[in-house]
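Structure record follows, encoded as structure tokens.
The values are calculated or read from the model by the stated rules, or taken from the named source; none is laboratory data. In this text the structure is predicted, and so the values were computed from the model without any measurement. Please note: Cβ atoms are built from the backbone with ideal geometry, for glycine as well, and neighbour counts cover all protein chains shown. For accessibility, only protein heavy atoms count, side chains too; no ligands or nucleic acids. Shrake-Rupley method; radii C 1.70, N 1.55, O 1.52, S 1.80 Å.
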4 protein chains.
Amino acid sequence: MKEIRIGIIGTGVMGADHAAILADGVANARLVAVQDFDRGRAENVAVSLGVRAAADADALISDPDVDAVMVCSPDGTHAALALRAIAAGKPVLVEKPLAASSEDAEAIIRAEVAAGKRLVQVGFMRRFDAGYVEMKQALASGELGRPLFLHCVHRNAVGPDYLTSELVIANSAGHEFDIARYLLDEEITSAVVASPPATRNAPNRQPQFILLQTASGVVVDIEVFTDAQYGYDVRAELVCEDGTVALDPSPATTLRAKGHDGFRTPADWRPRFRQAYRAQLEAWTAGILTQTPSGSSAWDGYMAMLVTKACLQAWKTGNRVAVELTAKPSLYQ
Amino acid sequence: MKEIRIGIIGTGVMGADHAAILADGVANARLVAVQDFDRGRAENVAVSLGVRAAADADALISDPDVDAVMVCSPDGTHAALALRAIAAGKPVLVEKPLAASSEDAEAIIRAEVAAGKRLVQVGFMRRFDAGYVEMKQALASGELGRPLFLHCVHRNAVGPDYLTSELVIANSAGHEFDIARYLLDEEITSAVVASPPATRNAPNRQPQFILLQTASGVVVDIEVFTDAQYGYDVRAELVCEDGTVALDPSPATTLRAKGHDGFRTPADWRPRFRQAYRAQLEAWTAGILTQTPSGSSAWDGYMAMLVTKACLQAWKTGNRVAVELTAKPSLYQ
Amino acid sequence: MKEIRIGIIGTGVMGADHAAILADGVANARLVAVQDFDRGRAENVAVSLGVRAAADADALISDPDVDAVMVCSPDGTHAALALRAIAAGKPVLVEKPLAASSEDAEAIIRAEVAAGKRLVQVGFMRRFDAGYVEMKQALASGELGRPLFLHCVHRNAVGPDYLTSELVIANSAGHEFDIARYLLDEEITSAVVASPPATRNAPNRQPQFILLQTASGVVVDIEVFTDAQYGYDVRAELVCEDGTVALDPSPATTLRAKGHDGFRTPADWRPRFRQAYRAQLEAWTAGILTQTPSGSSAWDGYMAMLVTKACLQAWKTGNRVAVELTAKPSLYQ
Amino acid sequence: MKEIRIGIIGTGVMGADHAAILADGVANARLVAVQDFDRGRAENVAVSLGVRAAADADALISDPDVDAVMVCSPDGTHAALALRAIAAGKPVLVEKPLAASSEDAEAIIRAEVAAGKRLVQVGFMRRFDAGYVEMKQALASGELGRPLFLHCVHRNAVGPDYLTSELVIANSAGHEFDIARYLLDEEITSAVVASPPATRNAPNRQPQFILLQTASGVVVDIEVFTDAQYGYDVRAELVCEDGTVALDPSPATTLRAKGHDGFRTPADWRPRFRQAYRAQLEAWTAGILTQTPSGSSAWDGYMAMLVTKACLQAWKTGNRVAVELTAKPSLYQ
């Protein structure tokens, strides 16, 4: 089997993490080049991993020795870089969100449809997490009947300084929107938002509670709490007619020490989904080799943005807001 | 210490259960009389437990050898019986709901205020459950900071035939309304309701999802699913600024057998709260002896009905509905 | 139903705890008198609970207003006091161990057999713990088949200063010997002991590992670790032909805070078995009233001592040692 | 980085599993050839995976296009094949046990020492399981203090027909011996064995209980129960001076259905350690490329056999038996 040579644009936290996973060894994938707005940062990564540092994003995308591109640069640059990768005919894995506005996302959809093939994947890596995969399989097995409720919890230990009440919805909840669509296999059609008071630990932003409903009526509720202090914690329970399936947050070992029985909840969110990030890379490169894309498409990235837009309006108005859905191009059927 | 002699009106499921707990032995309490609309049913209980069967409810309430009354008869009779007990000056434990309408509940409030002393307790036994008590203590300790979210799940294995979508809200969710008010120690001010589709197991009613907010902004969400098939299940997680505390649904033992590791989830809801029912009886009788009532007051029962009313309107209209609160009489401060 | 009037000899930790449970209210039981070697200590308890302080143990046992006696005084006094209670024809609940030597235990057996009725119960309260009762029921149901292994763990946070390696076996392991016999309903026939090194936290004594086998070959293993630091912890898993049943150590709530998800493990051992102590008192007094003794008999207390004896010899010699069993009098069949 | 070309000898359950993992993609490793005593079986695997089928084991070992060899053939052939790989100067991963007798294992040690470099790894894949790795890290961190007890449970759902009481010790317990040595980093010095009765599900063999002690006195106990019916289950708790760390057997999701809350325990043992098998392959090939072997050495395989030998003698005699340790060659320091 041929090997996919990968170039990474953006070597901040996410880009460096992807680079480290590739350096650890991913079957059929090899990191060959990195690029960053901060040239020195890119060169440090390049030297430590023995790969090239490209002069700029265009050089990396057009490099004939780069088969596929990962976009891990700031959110505002995602759309433009995705469009250039499409223009170059190269597969591109864009970190979420797909774009900074739904208009930009629509431009990507149009470009990809015009190109006539799926080149864009959005980095919603939870679709490759063992827990969510098991939930999906449990649902697909039919033993639980039809879904009714999906309860989601997203907690960070400490949110970044720049985070606002609006960004708690616009940024932190995106993974939940995508995983809900993935698990339920249908579109989200309405949103209501309720906000508890800000906490003493983060007085400038409020946690959020998002209540969604899907086309068939499934109720999806999401707690987004970016300053939960005790650690990073992602939970989900899918409640069906004949039973429920839930993520089990416990790690591989339990500790009894210092008056506690249980497990540690680290603040760092990366270990929780490290296996998923790696599996996403494996599936992405395998999909390129076999021309059978998996993972979140540009359409999925766009839909997450439309749900975000409805949630923001629901938050501002206090009312239930309908998601403005549009027709799905045949490329994404 | 003196002993409280108790008479039970209504010997259906709940009344018979209370009678059995009393017969097992509750300190300072003794069952002396029972009464039921179905005279034969009352006499069977009376004979098996060695107590009197009263001719009718009035006879039981006015019996000088009955110190306190439990009302376990059909919901429609609660208010009238509570009023008669108040008139007789006898402490009365009324099974939930306090009354069949908020107007009836108001009449009880007026009568009790006129009597000038608290005689009515509503049978919201969860306030005596070890788990909820621990949650309340964790909050009171201050180590978790202020509350932000309260996630509640109420599931029955199989709902009764008469249950409608409306009754799922009006009847099944009542315990959650009271326990939320008990834990958070403030009033619920608004409600939104979303309903997933009916299930193949109960095609005539929909499960319900209730989103409440309290005066200070705490978000309370409640899944009410009366046909969850796998068993009776009550869960709650209280999310605070610095940590969370959740009910642990596991029983005293874990089983590994027949391809499963975990525990059984019986359909019968009574074992789950048996300890709470007993503790409620102990606290009720101790409170009578020491004239320091604990447990849910008539006011608490009335507030649960006002929340119910708002939820029903929210369900019918699809909108967020404000709870119509009224001033609390000083008797209940 | 008549009420049992109880006198407690010894108002140290255990005696004071029993007195407090009785004062909280136990159906059909009432504390009327206490006595202690330390007269002041007894009087303090007497005054705070409103009961009499007896001049000495004999006065308490012979008091016509005391129906039944609890012996909670130092281990060395248990046998003599039990004999006096038998002589007075009064039911007596003796804290474990039944006696300070197997010879003393045999004297109690002889006296009780001569009296022709069971008057002695040993305070092995675990037989009344909900978890062990569920284990026993699971076994009795037949669904798990025959037992094969019983894994037991007994951990204290910090052992008392006077504790030696020998006492870790002789004192701390006694509850395990009784509960193994209770669950398996047969005698223990052999013992092997292995001792890991002493810990830095308790350099003067070694933890112990005890390997027992029953008449039918069931393997019982017991870790006894009195200085486990993190808290009091009692665990057990009964492994049978078709499945296993294990104690679930989790309390009624789970906590997520300060980097941990799980539950607290308090050093104080009393809350863990508070329900069992209370249930033991209820069963004991109910058994007196109905003349159907339950709980551990003098024979059970004696058997626990014979197992202890074999363990101590196994520990000293490093070899497998047979338990010296004797014929069971018909009184205990 | 260069790629290691791998040949597999033996395409039964284990060999086919390894081949499948390699085919799924392992960084720096590529399966190129397979061989089996049953030529057809080898050819089926070869065809389905697009690799060569070697004529015989010698041909595979001497094939210049095979860089490293995996021995997955019947136990009796392990030693001879390992010796041939050493003679050919090729790294060899031998499935456990290393050899059929301790004498054969000694011959491998001698050959490897004579070759002057470590070529042999034994397939004790648990050393690469996330849970055991976390246990080892917890111990290494020092926060738990020194180890005292290691409680191990090894359960299969249904043992193979050929399994005898002797093989329950000689075959099934091997992984536990190795992981105990790995976690505790010292030799096992004595063994005692106790056997509960055979079960109705496997009347021809007895479960086993093995009590080991290490050079420093740590007590290791192992339940080996090959017919536990409910599923494959491997558990371990390491008890230290200041706390304990235990494997958490729960999978990525929890299921609530059909009267149960918990998780499924499949009979198939392969999914439980699939990640470990894969990590073992990655570490093995990475170790070959960087000439820094990890995993179990031939010495580790030999030590496991010496412990097995002592356990068998302990089982036959009923006594505590010392492990006959020998001096460790400097190659394995």
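Scan the stretch C:210-233 and give yes if some residue there is open to solvent by 20 Å² or more (accessible area, probe 1.4 Å), within 14 Å of chain A (Cβ to nearest Cβ) and closer than 29 Å to C:Gly25 by Cα, otherwise no. First the steps, then the outcome.
Kept after step one, since they are open to solvent by 20 Å² or more (accessible area, probe 1.4 Å), are these residues of the stretch C:210-233: C:213, C:215-216, C:229, C:232.
Among the residues that remain, those that are also within 14 Å of chain A (Cβ to nearest Cβ) are: C:229, C:232.
Right, trim to closer than 29 Å to C:Gly25 by Cα and you get C:232.
Within the stretch C:210-233 (the criterion being open to solvent by 20 Å² or more (accessible area, probe 1.4 Å), within 14 Å of chain A (Cβ to nearest Cβ) and closer than 29 Å to C:Gly25 by Cα), the answer is yes, since at least one residue qualifies.
Out of C:Leu312, C:Leu281, C:Leu247, which single residue is assigned by TED's automatic domain parsing to the domain that holds C:Arg30, at pLDDT 95 or above and under 20 Å from the mean Cα position of the chain (by Cα)? After applying the criteria, what remains is C:Leu281. Inside the stretch D:215-238, residues that are under 20 Å from the mean Cα position of the chain (by Cα) and in a strand (DSSP E or B) make up a count of 12. Among the residues making up the stretch C:297-319, those that are over 16 Å from C:Ala215 (Cβ atoms) and of a type in the set (D, E, K, R) are C:Lys309, C:Lys316.
Within the stretch A:118-136, being surrounded by fewer than 21 Cβ atoms within 10 Å (Cβ to Cβ) and without any contact (Cβ under 8 Å) to a residue 60 or more places away in the chain holds for A:Val133, A:Lys136.
Listed here are the residues, each with its yes/no results for (1) without any contact (Cβ under 8 Å) to a residue 24 or more places away in the chain; (2) open to solvent by 40 Å² or more (accessible area, probe 1.4 Å); (3) assigned by TED's automatic domain parsing to the domain that holds B:Glu241.
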site: B:Pro97; (1), (2), (3): no, no, no
site: B:Gly116; (1), (2), (3): no, yes, no
site: B:Gly174; (1), (2), (3): no, no, yes
site: B:Leu184; (1), (2), (3): no, no, yes
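Each residue in the stretch B:137-166 was checked for being open to solvent by less than 50 Å² (accessible area, probe 1.4 Å) and either of a type outside the set (Phe, Trp, Tyr) or away from chain A (no Cβ under 11 Å) (or both), and 18 of them qualify.
Residues in the stretch A:243-296 that are within 14 Å of chain C (Cβ to nearest Cβ) and of a type in the set (Val, Ile, Thr) were compared, and the one that is surrounded by the fewest Cβ atoms within 10 Å (Cβ to Cβ) is A:Thr254. For the list (1) buried (at least 24 other Cβ atoms within 10 Å of the Cβ); (2) of a type outside the set (Gly, Ala, Ser); (3) more than 13 Å from chain D (Cβ to nearest Cβ), I need the number of the one condition that C:Val193 fails. The one condition C:Val193 does not meet is (3). A:Met305 falls short on exactly one of the conditions (1) in contact with a Phe, Trp or Tyr (Cβ under 6 Å, 6 or more places away or on another chain); (2) crowded, with 19+ Cβ neighbours inside 10 Å, and that condition is (1). Of all residues in the stretch C:297-324, those that are farther than 20 Å from C:Arg126 by Cβ and more than 14 Å from chain D (Cβ to nearest Cβ) have Cβ atoms under 8 Å from Cβ atoms of residues that are open to solvent by 20 Å² or more (accessible area, probe 1.4 Å) and assigned to a helix (DSSP H, G or I), 6 or more apart or on another chain, in C:Leu312/C:Glu166; C:Leu312/C:Ala170; C:Val323/C:Lys309; C:Glu324/C:Lys309. Selection of the stretch C:99-110 for residues being among the hydrophobic types (A, V, I, L, M, F, W, C) and either assigned to a helix (DSSP H, G or I) or open to solvent by 10 Å² or more (accessible area, probe 1.4 Å) (or both) yields C:Ala100, C:Ala105, C:Ala107, C:Ile108, C:Ile109. On the given criteria, is D:Phe149 among the aromatic types (Phe, Trp, Tyr) and closer than 23 Å to A:Gly262 by Cα? Criteria met by D:Phe149.
Scanning the stretch A:239-255 for residues that are assigned to a loop (DSSP other than H, G, I, E, B) and touching a Leu at 6+ places or on another chain (Cβ under 6 Å) turns up at least one hit.
Could you tell me which numbered condition C:Ser102 fails, if it satisfies all but one of (1) closer than 22 Å to C:Ala286 by Cα; (2) in contact (Cβ under 8 Å) with a residue 40 or more places away in the chain; (3) not aliphatic (A, V, I, L, M)? Among (1) closer than 22 Å to C:Ala286 by Cα; (2) in contact (Cβ under 8 Å) with a residue 40 or more places away in the chain; (3) not aliphatic (A, V, I, L, M), C:Ser102 violates only (1).
Suppose we filter the stretch A:63-113 for residues that are among the small types (Gly, Ala, Ser) and closer than 20 Å to A:Ile6 by Cβ; how many remain? Full working, then the answer.
Looking only at the stretch A:63-113, we keep the residues that are among the small types (Gly, Ala, Ser), and these are A:68, A:73, A:76, A:79-80, A:82, A:85, A:87-89, A:99-102, A:105, A:107, A:111.
In the following step, the residues that additionally are closer than 20 Å to A:Ile6 by Cβ were identified as A:68, A:73, A:80, A:82, A:85, A:87-89.
Going through the stretch A:63-113 one residue at a time, the tally reaches 8.
Taking the criterion of being under 15 Å from the mean Cα position of the chain (by Cα), charged (D, E, K, R) and closer than 30 Å to B:Ala252 by Cβ, would at least one residue in the stretch B:68-78 satisfy it? No, that holds for no residue. From the list A:Ile169, A:Ile188, the one residue that fits, being under 30 Å from D:Leu255 (Cβ atoms), open to solvent by less than 20 Å² (accessible area, probe 1.4 Å) and either away from chain D (no Cβ under 14 Å) or not charged (D, E, K, R) (or both), is A:Ile188. Among the residues of the stretch C:286-333, those identified as part of a helix (DSSP H, G or I), of a type in the set (Ser, Thr, Tyr) and in contact with a helix residue (DSSP H, G or I) (Cβ under 9 Å, 6 or more places away or on another chain) are C:Tyr302, C:Thr308, C:Ser330, C:Tyr332. All conditions in (1) in a loop (DSSP other than H, G, I, E, B); (2) charged (D, E, K, R); (3) surrounded by fewer than 17 Cβ atoms within 10 Å (Cβ to Cβ) hold for B:Arg205, with the sole exception of (3).
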